[in-house]
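I have placed the structure first, in the form of structure tokens, so that the comments after it can refer back to it.
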Amino acid sequence: MNKKSGFTLAEVLVTLMIIGVIAAMTIPSLMQNTAQQEYKAGFKKAVSMLNQAVTLNYALDGEDATSFTGANMFHMLTKRLNVMSTVGTNVIYTADGMKLTVLNQQNDCQTDNNDIDGYCSVVEVDVNGPKGPNKVTTGTQAVYDIFTVRIYPQRAVPATQQQSDVLYNK
């Protein structure tokens with residue numbers, strides 16, 4: 001007689017079932033971590049983009065952010081960023097899918113120090129545009145896709161300490 005050795009169908013099915021259970025337990029956490037890393041990278045890019053816009057405007061036109069009030073900040077950003085479209089006088093959609101909303105203008109942005117009240121404008125950044133979850137990041141444990149950035153006369157920085165910690169991986 002010829003005896004063949006190999007796996008039975010039951011053994012193969014049990015092995016596949018175990019692999020499936022392990023995958024079902026690990027894939028959601030991996031996907032969530034990947035999404036958070038994507039949001040962090042988008043936030044870093046947005047802060048860099050806004051810094052470049054403010055710096056470029058100062059270099060080319062000799063005007064820092066103190067020269068812009070109200071809707072003028074919106075127009076300065078549309079002039080210096082790679083814009084796909086705008087909505088009204090405060091929403092900018094960039095070519096890479098970000099949504100920037102110019103929220104407000106401060107009157108006391110004459111100095112560029114670390115004063116919390118010395119900022120010129122606040123920009124809300126949705127790093128993935130209209131895609132979800134469209135929630136504001138308020139802490140460092142759960143990172144979502146909406147951040148706020150303060151624009152000072154010659155720089156742009158995260159608006160809160162928690163968002164700064166997200167940006168600098170603390």
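FYI, it's all coordinate maths here, none of it is from the lab. The structure presented is a predicted model; accordingly, all values stated were derived computationally and were not measured. Cβ coordinates were reconstructed from backbone atoms using ideal geometry, including for glycine residues, and neighbour counts include every protein chain displayed.
Please compute the contact order of the chain in relative form: average sequence separation of alpha-carbon pairs under 8 Å and at least six residues apart, divided by the residue count, as a percent. Please list the in-between numbers first.
On the way: 251 pairs, mean separation 33.7, N = 170.
Once normalised by length, the contact order is 20 percent.
How long are the three semi-axes of the equivalent ellipsoid for the chain, computed from the Cα gyration tensor as the root of 5 times each eigenvalue, in whole Å, largest first? Could you put the intermediate results ahead of the total?
On the way: eigenvalues 476, 53, 31 Å².
So the three semi-axes of the chain are 49, 16, 13 Å.
Based only on Cα atoms, what mean projected area does the convex hull of the stretch 46-86 have, in nm²?
Working: hull surface 11.6 nm².
Averaged projected hull area, Cα only: 2.9 nm².
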Residue by residue, what Karplus-based ³J(HN,Hα) values in Hz, rounded to whole numbers, does the stretch 87-99 have, using 6.51, -1.76 and 1.60 with θ = phi - 60° and x for Gly and Pro?
10, x, 10, 8, 10, 10, 9, 8, 5, 9, x, 7, 10
Using the alpha-carbon centroid of each, what span in Å lies between the stretch 131-158 and the stretch 29-47?
12
Packing-based order for 27-33, 61-67, using average beta carbon neighbours within 10 Å, highest first
61-67, 27-33
What is the antiparallel percent of DSSP beta bridges lying wholly in the stretch 9-167, to the nearest 5?
95
